[in-house]
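Every number here is computed from the coordinates shown, using simple stated rules; none is lab data. Bear in mind the structure is a predicted one, so any value in this text is a computation, not a measurement. All Cβ positions, glycine included, derive from the backbone under ideal geometry; neighbour counts span all protein chains shown.
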Amino acid sequence: MPGRLQNKVAIITGAGSGIGLESALLFSSEGAHVVLADINLPAVQAAVELVKQRSPAVGALAVKCDVSKEREVEELIKTAVTEFGRLDIMFNNAGVMHPDDDNALNTEERIWDLTMNINLKGVWFGCKHAIAAMRLNKPDLAAGLQTGGSIINTASFVAIMGAATPQLAYTASKGAVLAMTRELAMVHAREGIRLNSLCPGPLKTPLLMDFLNTQEKRDRRLVHLPMGRFGEAIEQARAALFLASDDSSYITGTDFKVDGGLSSCYVTAL
Ligand code: NAD
């Protein structure tokens, strides 16, 4: 049985940890060649080793890339195309949540800029250079490959819900990812390039667990989660696989929520 991403070429940013790492393992197990990018090179090198152990038939490459630097993102995409001949999937997933990100009065400008540069500008750079590469994709029917491609941008449930535990720069950056992705989806729909946002709920990954570093902080959130638990990175990877694959061929411009029902919730069950 061919995998759901057989012969496709995927770049995943932030692939050294959490959602990105689980997606790297899942996408490659479904037949994709993967280019794993992260600012933390040893982390993506370790990810590549795991991919090679579990899915030896696919290609896997580790690239050091700071997504907030356009030149590095451009190089990343060139590397994928040079190495594997095309780019079918761009998962703009890298993101940060700074511990000093706070409310309107306390958030320093440097925290705002750092967050926006990675979470928003980094996603724009990824879209910009991936779109240019995807426009060159030729169909290869024998290999099951088509023109166009799929771009997935990781936003967050905080892009659609307010919280009285503020992280203003992070929330604003994720709201902008939703708006930007929607607009790009409309611009490129007739080129067969689909763009969707992934909106994870709160997850048990280092990003959130480092931020919620006491049981009291975690309990403050848990009471609001309909399923009574944080999500797992693999649950996001499965959704990203759907958006990356041809199973979602008629889905573009959507805010794809994988939040355990959080954004539909008024009162949780006892
Ligand atoms: P994580 O911290 O486990 O992984 C993030 C990865 O991104 C790390 O490997 C880190 O080194 C990398 N990274 C950070 N800055 C980078 C940069 N400038 N360039 C390249 N790589 C960089 O986090 P995660 O929970 O897997 O989060 C992945 C995405 O999901 C992020 O965009 C995050 O905002 C979003 N998200 C997470 C949650 C959650 O609860 N964890 C909820 C909603 C959305």
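Full extension from residue 146 to residue 209: what is 0.36 nm times the residue separation minus their Cα-Cα distance, to one decimal in nm? It would help to have the intermediate numbers written out before the result.
Numbers: separation 63, 0.36 × 63 = 22.68 nm, distance 3.96 nm.
Gain on extension, residue 146 to residue 209, equals 18.7 nm.
Measuring from centroid to centroid over Cα atoms, what is the spacing of segment 99-145 and segment 24-74 in Å?
For segment 99-145 versus segment 24-74, the Cα centre distance is 17 Å.
Debye sum, Cα scatterers, the chain, no solvent: what log₁₀ I/I(0) at q = 0.17 1/Å?
Evaluating at q = 0.17 Å⁻¹ gives log10 I(q)/I(0) of -1.35.
Along its principal axes, what span do the Cα atoms of segment 175-270 show, with the longest given first and each in whole Å?
Sorted from largest, the Cα extents of segment 175-270 read 49, 27, 24 Å.
Want the number for residue 223 to residue 71: 0.36 nm per residue separation, take away the alpha-carbon distance, what's left? It would help to have the intermediate numbers written out before the result.
Numbers: separation 152, 0.36 × 152 = 54.72 nm, distance 4.34 nm.
Computed gain between residue 223 and residue 71 is 50.4 nm.
Could you give the nm distance between label points at residue 164 and residue 105, where each point is 7 Å from its Cα heading toward the beta carbon?
Going by the 7 Å Cα→Cβ label model, 1.6 nm.
For the modelled label position 7 Å from the Cα of residue 182 along Cα-to-Cβ, which residues of segment 229-255 have backbone nitrogen atoms closer than 13 Å?
253-255
Taking the alpha-carbon distance from residue 78 and a cut-off under 29 Å, which lysines remain once sequence neighbours fewer than 8 residues away in the same chain are dropped?
Within reach: 8, 52, 64, 69, 121, 128, 138, 174.
To one decimal place, what orientation-averaged projected area in nm² is obtained for the convex hull of the Cα set of segment 1-72? Don't skip to the answer; put the middle values down first.
Details: hull surface 17.8 nm².
Over every viewing direction, the Cα hull of segment 1-72 projects on average to 4.4 nm².
Which of the aspartates and glutamates could a cross-linker bridge to residue 257, judged by Cα under 13 Å and excluding same-chain residues fewer than eight apart?
235
Restricting to Cα pairs below 8 Å that are 6+ residues apart, what does the relative contact order work out to for segment 154-250? Please round to a whole percent.
Working: 71 pairs, mean separation 25.2, N = 97.
Averaging sequence separation for qualifying contacts and normalising by length gives 26 percent for segment 154-250.
Explain nothing, just the number: relative contact order of the chain, from Cα pairs under 8 Å at least 6 residues apart, as a whole percent. Kindly include the intermediate steps, with their values, before the conclusion.
Numbers: 549 pairs, mean separation 50.4, N = 270.
Here the relative contact order equals 19 percent.
What does the net charge come to around residue 202 if you take all other residues with beta carbon closer than 10 Å to its beta carbon, with K and R at +1 and D and E at -1? Write out the running numbers ahead of the final one.
Values: positive: 204, 218, 221, 229; negative: 259.
Here the charged neighbours net out to +3.
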